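Here's the structure, in structure tokens; my notes come after.
The values are calculated or read from the model by the stated rules, or taken from the named source; none is laboratory data. Since the model is a prediction, treat every value here as computed from it, not as a measurement. With ideal geometry, Cβ positions are generated from the backbone for all residues, glycine too; neighbour counts draw on all protein chains shown.
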Amino acid sequence: MRKSVQPRAPPTLSRSRNASTADLGRSFLLVVVVVVVVVVVVVRFIGVLEDQKIDKGILIYKTNMTPSANKVIQAMANQYDLGSFAESDLLVNITQHTLVPKHDVLSPDDKALLLQK
């Protein structure tokens, strides 16, 4: 008997509004490769959201964002679900996580013993 797998709903970024699972809407991801994100970049990002009628946006920037650009994102939080993240905050080396056990190479004898179990 096969078990049917139901697809999961995509995660939402609702910070200021409560989004129901029936009305998830569309999201837009912008990865910025400039050194510093300024107000102009954020205003253009919000312009794309308006033009395409998208209510959720994620802005990922390389190094830093100016305080004024951050204020624009906070000011638009009542109209859009916006998230901004530094690229370095999203990069994780899973092998250095505290819950990952130490990995050792098994000797041929230990491998044979493990395979017999």
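What the table shows:
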quantity: Helices (runs of 4 or more DSSP H) contained entirely in segment 59-117, each with at least 3 residues that are over 16 Å from residue 29 (Cβ atoms) and in contact (Cβ under 8 Å) with a residue 12 or more places away in the chain; calculated: 67-75
quantity: Segment 20-49 residues that are surrounded by 12 or more Cβ atoms within 10 Å (Cβ to Cβ) and modelled with pLDDT of 80 or more, paired with ones that are among the hydroxyl-bearing types (Ser, Thr, Tyr) and in a helix (DSSP H, G or I) (beta carbon under 7 Å, 6 or more apart); calculated: 39/68
quantity: Qualifying residue in segment 88-99 (condition: surrounded by 10 or more Cβ atoms within 10 Å (Cβ to Cβ) and among the hydrophobic types (A, V, I, L, M, F, W, C)); calculated: no
